[in-house]
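> Sharing a structure with you now.
Values quoted throughout were computed directly from the atomic coordinates according to the rules given, and no laboratory measurement underlies them. These figures come from a predicted structure and were not determined experimentally. Cβ atoms come from the backbone with ideal geometry, glycine included; neighbour counts cover every protein chain shown.
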Amino acid sequence: MVKLLFYHFKLYWAAYRGMSKVLKRHPTTVFGKRVEIYNQEKLFLGEKVSVQNNVILHCGGAAWCNYEGSISIGSQSVISPNCVFWGCGANIVIGNNFDCAPGVKIYASRTKYEDRIEYPALNPHVFQDVKIGNNVVCFTNVVISPGVTIGDGAVIGSNSLVLEDVPSNTLVAGTPARIIKNLKDHER
């Protein structure tokens, strides 16, 4: 019993020390509970970013992704609960005022299914940057694939799968996501 308590204390202490390093670099950021950050040195946050409960920010730093990758989130952005940002092998760059609903997943890598081998852990990967502009809104459970660029002022509808670039000031939705309307002439 004592060994188990000591083990859990060590895990808690390591998580606390890791988060305190991030807070020193980004003192205006507010973190919720159970936020996991991998390769913290490659996480870059603007002013007044809110990262809510159960978020995973994976900034690479592993052999399978060639120790590459990073995540950059602009000022006054909100990352809602249960989001996963997978910046492994390539970069995720998000502009200012990003409004991200719960369950959004952003991936800068994927398994290269075209060249699979018998042992899945050794399958090759595709690494491509994801770029998201300023004032973008992603509703619940959006999935953004590697290599996608989303323009300023775009809105992504709930449960959408974004496989291609999204122009500025457009509303897209669906699986795969397609343009629903141009927002340039509309008030939001």
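> Can you pull the one-decimal nm distance between simple spin-label points at Ala62 and Glu36, each 7 Å off the Cα toward Cβ?
0.9
> Relative to the longest principal axis of the chain, what angle (0 to 90°, nearest 10) does the C-alpha long axis of helix 2-25 take?
Tilt relative to the chain: about 50 degrees.
> For Rg/Rh (Cα atoms, Kirkwood Rh), one of [x] 1.13; [y] 1.02; [z] 0.98 was computed from the structure I shared and the rest are decoys. Which label?
Looking at Rg/Rh (Cα atoms, Kirkwood Rh) for this model, the match is [y].
> If the chain between Glu114 and Lys131 were fully stretched, how many nm would it gain, using 0.36 nm times the residue separation less the Cα-Cα distance? Let's see the in-between values first.
On the way: separation 17, 0.36 × 17 = 6.12 nm, distance 2.45 nm.
Extending this stretch completely gives an extra 3.7 nm.
> Can you give the longest stretch of the chain with no exposed loop site, where a site means GluC sites (Glu not before Pro) in a DSSP loop (not H, G, I, E or B) with at most 11 other C-beta atoms within 10 Å? Please list the in-between numbers first.
Numbers: sites that count: Glu118, Glu187.
In the chain, the maximal stretch lacking such sites is 1-117.
> Starting from 0.36 nm per residue, how many nanometres of slack lie between Arg25 and Ile179 once their C-alpha separation is accounted for? Walk me through the numbers before you get to the answer.
Working: separation 154, 0.36 × 154 = 55.44 nm, distance 3.85 nm.
The Arg25-Ile179 span can extend by a further 51.6 nm.
> Tell me, what ³J(HN,Hα) does each residue in the range 32-42 have, in order and in whole Hz, if you take phi through Karplus 6.51 cos²θ - 1.76 cosθ + 1.60 with θ = phi - 60° and put x for Gly and Pro?
Residue by residue, the range 32-42 yields x, 7, 6, 8, 10, 10, 9, 6, 4, 5, 9 Hz.
> Lys and Arg at +1, Asp and Glu at -1: add these up for the other residues within a Cβ distance under 15 Å of Thr175 and post the number. Can you show the working numbers first?
Numbers: positive: Lys105, Arg178; negative: Glu164.
Here the count lands on +1.
> Roughly what % antiparallel, to the nearest 5, for the DSSP beta bridges in the chain? Show your work: numbers first, answer last.
Numbers: 7 of 45 bridges.
Close to 15 percent.
> Also, I was wondering about something else. First select every other residue whose beta carbon is under 11 angstrom from the beta carbon of Val126; then total the charges, Lys and Arg +1, Asp and Glu -1. Could you put the intermediate results ahead of the total?
Details: positive: Arg110, Lys112; negative: Glu114, Asp115.
Once all neighbours under 11 Å are counted, the net charge is 0.
> Which of the lysines could be linked to Lys184 by a straight reach, that is with a Cα gap under 27 Å, when you skip same-chain ones fewer than 8 residues away?
The qualifying lysines are Lys105, Lys131.
> Determine the sum of side-chain charges near Gly147: Lys and Arg each +1, Asp and Glu each -1, restricted to other residues whose C-beta is under 12 angstrom from that of Gly147.
On the way: positive: Arg110, Lys131; negative: Asp129, Glu164, Asp165.
Every neighbour counted, the sum reads -1.
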